[in-house]
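Values in this text are rule-based calculations from the coordinates and carry no lab data. What you see is a predicted model, and the numbers here were worked out from it, not measured in a lab. Because the Cβ atoms are built from the backbone with ideal geometry, glycine has one as well, and the counts that use them run over all protein chains shown.
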Amino acid sequence: MTPSVSPDRPQSPQSLSGLWPFVRPYRLQVLMAALALLLAAAATLLFPVALRHLIDGGLLPTDRSEQTLALRGHFFELFGVAVALGVFSAARFYVVSWLGERVTADLRNAVYSHVLRQSPAFFESTRTGEVLSRLTTDTTLVQTVVGSSLSMGLRNALMGAGALAMLVWSHPAVMLQVLLLVVLVVAPAMWYGRRVRKLSRASQDRVADSSALAAEVLNAIPVVQSHTAEDREAQRFADATGQAFETAVRRSRARAVLVAFIIIANAALVLWGLYQGTQAVLEGRMSAGQLGQAALYVVIFAGAVAVLGEVYGDLLRAAGASERLMELLAMQSPIRSPEHPVAVPAPTGGSALCLHQLEFFYPSRPSDAALQQVSLDIRPGQTVALVGPSGAGKTTVFGLLLRFYDPSSGHITLDGVPIQQMSLHTLRDRIAIVPQDPVIFSANALENIRYGKPTATDAEVHAAARAAFADEFITRLPDGYDTFLGERGVRLSGGQRQRIAIARAILKNPPLLLLDEATSALDAHSEQMVQAALAHAMQGRTTLVIAHRLATVQKADVIAVLDHGRLVEQGTHQELVAQGGVYAGLAALQFQS
């Protein structure tokens, strides 16, 4: 299922605790930030004390020279506090910003790496745009909190608590009344914050929906344009962004009401404190300096409460984002390497392969068997063709060999070892596949071929390209092997993309080669050349070929015929034609035409 949480599920800043594993490696930086935070808060709290000394000690009627010296000393005292505040605040800002950037980068890397290891079943039910939204929008919210909001919240919490403590210590009677008012402010704010939380989560979900829609359509531009569906798709995206906008407006309206309430309530707190302090000065119970000190502490306290209210909203939004990311990280792929994989020596030639009583149902189609009781023994070096009508289960066999899925029953052995006992890396490193729809990455031709063997030299890449008859067209490109091929290889023809994929597989040089209609996109001349190259590459290794055009597999050692998920026939071309079964019927249709 798509990794998401119901908007009705209660969230709290405690959800941010899932980020601790990403923060833990940087404990030194956390301690440095905490120290700078404490010192900056302490400097802020010292400022009212220095101001009281200035008022009471430097402005009292006294000798002119003494008063000048006293004022100079008090101003230097205030300037010293300001310098300390600036230095410690700058240090806090830098370290916390560094932490935010570093933790966010680590989180993005972890999520991306984790998603890459999910089985295809995950992508059957999860849209790519949904994952991209997690990697961008949600991690950006987390970065805002770790790199800014959380630090601001802690700083203001310290200053608010310190200011409150100083006020209670110096004017306990007044502050008992202020504390009561604080409770009356905080309780409604937290109650109303629940609505903001729900709307924040709903807003994030709507943004993810629009991102998923855009990713899907942009990956299918030729289809969209060929059906003149630009206006329809633009309207669908406009509807999705409209829903996201309406949800965001409701969230912003709710937060605006919350902010207005906090600001008005804080103004009431400040004015109440000033009123009580003014009465105390008029009655002679405190000095003018003490009033100035108390007024500043009330302002600091009220400002801290206001900032905490705003930060709390950011924390709630980031809590939802963090929870979504943690849920994604918590998802475990059903396809994993065993804890103690069996070490299997690499064969010098082709691999031996055995499919025993395979039965498989796709997770998205649990009632429709893709394979039923399929058994097949393949000796090292054999070329085996899988043929049959569309939907017979041919590509499913390839998916099970690569352990994209595990069979519902039965097992597969490679060189005598069940593939579920091998590490995924070892298994897939011994297999190369040339798919029917080859994937070309946004890189140059050299790197696209080298994808099959990252450690290959340029000479090895060139040799593989020549073997796949790709060297000729690559050298004619503007920059040869350094030519950027465009996103998904848009600068190449279908046949050229296919030859790049074949060169990639040849470069990997595995003991087991899987060809899924590997020459389907080639013209007759290119197909003849590539068939010759593949015949040379297939020597000494085991090859499985999926083919709809039977002319390409007549020379296979064994032809296995699948129909509705069952292995109905197997033998050579001549044997199967003589049997007069499914294969003979397919051959009659193709060769007569």
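Placing dummy labels 7 Å off each Cα toward the beta-carbon, the span from Ala551 to Ala584 is 2.3 nm. FRET efficiency for the Ala90 to Ala161 pair, using the beta carbon distance and R₀ = 22 Å, is estimated at 0.45.
Residues whose amide H comes within less than 5 Å of that of Thr383, counting only those at least five positions distant or on another chain, are Thr543, Asp557, Val558 (H built at 1.01 Å from N in the peptide plane). Per-residue extension of 0.36 nm, minus the Cα-Cα distance of Ser337 and Asp406, leaves a gain of 23.6 nm for this segment.
For Phe261 and Gln29, FRET efficiency with R0 = 41 Å and r from the beta-carbon atoms, rounded to 0.05?
Here the calculated transfer efficiency is 0.70.
Extending 7 Å from the Cα toward the beta-carbon at both Arg566 and Ala121 defines two label points whose distance is 2.6 nm. Can you tell me how much longer the chain between His114 and Glu216 gets when fully stretched, taken as 0.36 nm per residue apart minus their C-alpha distance, in nm with one decimal? Additional length available on full extension: 34.6 nm. Each label was represented as a point 7 Å from its Cα along the Cα-to-Cβ direction; for Ser367 and Thr455 these points are 5.1 nm apart. Taking amide H atoms as placed 1.01 Å from N in the peptide plane, the amide H of Arg566 lies under 5 Å from those of Gln372, each 5 or more residues away in sequence or on another chain. Near Ser423, once Lys and Arg are set to +1 and Asp and Glu to -1 for all other residues with Cβ below 13 Å from its Cβ, the sum equals +3.
Rounded to the nearest 5, the antiparallel percentage of DSSP beta bridges internal to segment 345-453 is 100%. Which residues in segment 144-163 place their backbone N less than 16 Å from a point set 7 Å from the Cα of Trp98 along the Cα-to-Cβ direction? Within reach of a label on Trp98, which here means backbone N under 16 Å from a point 7 Å along Cα→Cβ, segment 144-163 contributes 147-148.
Any chance you could run the full-extension gain for Gln235 through Ser390? It's 0.36 nm times the residue separation minus the Cα-Cα distance, nm to one decimal.
Result: 52.3 nm gained on full extension.
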